[in-house]
2 protein chains.
Amino acid sequence: MYDLIIIGGGPAGLTAGIYAQRARLKTLLLEKEVIGGQIAVSDIIENYPGFPSISGAGLMEKFEQHARGLGLEIKLTDVTDVQDKGKTKIVKTSEGDFITKTVIVATGAKPKRLGVPGEKEFTGKGVSYCATCDGPFFKGQRVLVVGGGDTAAKEALYLSRIANKIYLAHRRDQLRAEKIIQEKVLSIPNIEMLWSHVLKSMHGKIGVEKAVLQNLKDNAIKELDVEGVFIFVGINPTADFVDVEKDKNGFIKTDQNMQTSIKGIFVAGDCRTTPLKQVSTAVGDGAIAAFMAEKFVEDLS
Amino acid sequence: MYDLIIIGGGPAGLTAGIYAQRARLKTLLLEKEVIGGQIAVSDIIENYPGFPSISGAGLMEKFEQHARGLGLEIKLTDVTDVQDKGKTKIVKTSEGDFITKTVIVATGAKPKRLGVPGEKEFTGKGVSYCATCDGPFFKGQRVLVVGGGDTAAKEALYLSRIANKIYLAHRRDQLRAEKIIQEKVLSIPNIEMLWSHVLKSMHGKIGVEKAVLQNLKDNAIKELDVEGVFIFVGINPTADFVDVEKDKNGFIKTDQNMQTSIKGIFVAGDCRTTPLKQVSTAVGDGAIAAFMAEKFVEDLS
């Protein structure tokens, strides 16, 4: 029987782990894939206070060391279901069931698919959702980046140092990314902006050879010869496995105490309805969720 | 005319400064006393993810460097009033008025006074609210620490390395501090716990010589010969200068977007009604407040 099971090993989950260990809760952190979560595949993080510039992987390594240094138990396994039995919860995983008094869901979110022809078929064959993972395959080639937020802009910057030519297509006529990142993107000679353009389809024999876009202003069709297409058009929460109240996009609803609609199940980070999805905010969420989980465990006994 | 004036240079204010600079808002940070706020006088911080153990001053120096590295303008002056003029706000300081489109209040909180006889008279003459500031004066002496939360326990630990004997008096029969800190406190031979005790008065000629306590269980009076009394019994928000909705203890009410009852005035960190007061949570608040201030400025134009 655990006091707390944290599901997800990104910034929110690891912070909750740090606080839970310091609170002496008997805690287990479950992670499906990679400790650090989505942020571990980010090129550079420059807005987590205290670290003016650090790689996503480097920062997450520090978080993991911090948590493990306090004795946090971490298991790599996939959670399939969380069942509420009142005073206990059962966390079902591919390696069996775990029983716990409280749960913190910190599973974050996954990149959204566009749902256009060629996308599914060419995933891993030219279509990618992670520049730091797949960028190096496109050395000296031409790539298309789709999106206008922080991730799209930062990943375009990263790719501009590897690929020969970057097209950055965004459906609006200005980027949503942080201004400091926008300025960098617009100053890089091998990044060409395609304002008000949406991706319609991708074509090729074995991998991507051509992307077809449409200009939303005049409906003109544009064909680009590219070997890679990187899609950063938002995220979907990873929260299907837990049956708590969610908003229409599937993000988990909470109050300011990170409490979900089920007592003893808390949530932290990108998978909840937070106004901002950053390492900084995930850390704040994780601390509060662990503190509230501790209170909940104390009130049980 | 500024886009944003941040009032307070602790973790919440400096984080807001980092985000505001990256958003290219024309920003000014005003701090009354010391950059870093209350946390800069904390001995050791061990629960801000990424830094397993760092001095409060050291961590705040990193935050300040991060913010200044992005060009944040910082002025040391005292804010006396914030006036809402609709699309602009006037921030009145001892060095004149500043005009801005938005304000983030990140002024934190000050230690609470107990209000017992001798407290006011001996402040600075044996009575202190900051062990890292005044602890070294009590080398080899006997001191009383009052309180049971994180701050009281951590400051008692710090003082145990300087003073000869520490009495830690708490009105309850267990500490509220993080368990890991409780364990440390209870394992230190020169810290003596006085459970269920409250401080009634302090006496002496020029400085503190004697503290009088009462046992809440049997009402017995206890006199201690001590040269120092350190009081850590909670905090009061620093928010008198701004006329927004507050709770009964004076903490500023906000929604999850850090918005106060006045449009364009946001708040972050310890001076708001947050469930937890930590560097981690101040950082999350500061990021959200700056992001919302940016949106507010964009919507104005």
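The values are calculated or read from the model by the stated rules, or taken from the named source; none is laboratory data. As the structure is a prediction and not an experimental result, all values here were calculated from the model. Cβ placement follows ideal geometry from the backbone for every residue including glycine, while neighbour counts extend to all protein chains displayed. These accessible areas exclude ligands, DNA and RNA; they are computed on the full protein's heavy atoms, side chains included. Shrake-Rupley method; radii C 1.70, N 1.55, O 1.52, S 1.80 Å.
Brief remarks follow.
- Residue in the stretch A:148-169 that is out of contact with any helix residue (DSSP H, G or I) (no Cβ under 9 Å at 6 or more places or on another chain), farther than 30 Å from residue B:295 by Cα and either in a loop (DSSP other than H, G, I, E, B) or among the aromatic types (Phe, Trp, Tyr) (or both) present: no
- Some residue of the stretch B:24-31 being open to solvent by less than 10 Å² (accessible area, probe 1.4 Å), within 14 Å of another protein chain (Cβ to nearest Cβ) and not β-branched (Val, Ile, Thr): yes
- Check on residue B:134, at pLDDT below 95, within 14 Å of chain A (Cβ to nearest Cβ) and either out of contact with any helix residue (DSSP H, G or I) (no Cβ under 8 Å at 6 or more places or on another chain) or under 30 Å from residue A:25 (Cβ atoms) (or both): no
- Screening residue B:239 with (1) at the interface with another protein chain (Cβ under 10 Å from one of its Cβ atoms); (2) part of a loop (DSSP other than H, G, I, E, B) gives one miss only, at (1).
- Cβ-Cβ under 6 Å pairs, at least 6 apart or on other chains, the stretch A:169-190 side free of Cβ contacts under 8 Å to residues at least 60 places away in the same chain and within 11 Å of another protein chain (Cβ to nearest Cβ), far side open to solvent by less than 80 Å² (accessible area, probe 1.4 Å) and part of a loop (DSSP other than H, G, I, E, B): A:176/A:148; A:176/A:149; A:177/A:149; A:179/B:23; A:182/A:175
- Residue that is farthest from residue B:278 (Cα to Cα) [pool: residues in the stretch B:96-118 that are open to solvent by 60 Å² or more (accessible area, probe 1.4 Å) and hydrophobic (A, V, I, L, M, F, W, C)]: B:99
- Restricting attention to the stretch B:196-254, the residues that are over 16 Å from residue B:126 (Cβ atoms), surrounded by 14 or more Cβ atoms within 10 Å (Cβ to Cβ) and acidic (Asp, Glu) add up to 1.
- Just one of the listed residues (A:258, A:292) is within 14 Å of another protein chain (Cβ to nearest Cβ) and open to solvent by less than 20 Å² (accessible area, probe 1.4 Å), and it is A:258.
- Qualifying positions in the stretch A:48-95 - more than 15 Å from residue A:5 (Cβ to Cβ), open to solvent by less than 30 Å² (accessible area, probe 1.4 Å) and touching a Pro at 6+ places or on another chain (Cβ under 9 Å): A:48, A:49, A:59, A:60, A:63, A:66
- Members of the stretch A:97-133 that are more than 24 Å from residue A:287 (Cβ to Cβ), under 23 Å from the mean Cα position of the chain (by Cα) and not in a loop (DSSP other than H, G, I, E, B): A:110, A:111, A:123, A:127, A:128, A:131, A:132, A:133
- Residues in the stretch B:256-285 that are within 24 Å of residue A:11 (Cα to Cα), more than 16 Å from the chain's Cα centre (by Cα) and modelled with pLDDT of 95 or more: B:257, B:258, B:284.
- Among (1) within 14 Å of chain A (Cβ to nearest Cβ); (2) outside any helix (DSSP H, G or I); (3) touching a residue at least 12 places away in the same chain (Cβ under 8 Å), the one test that residue B:229 misses: (1)
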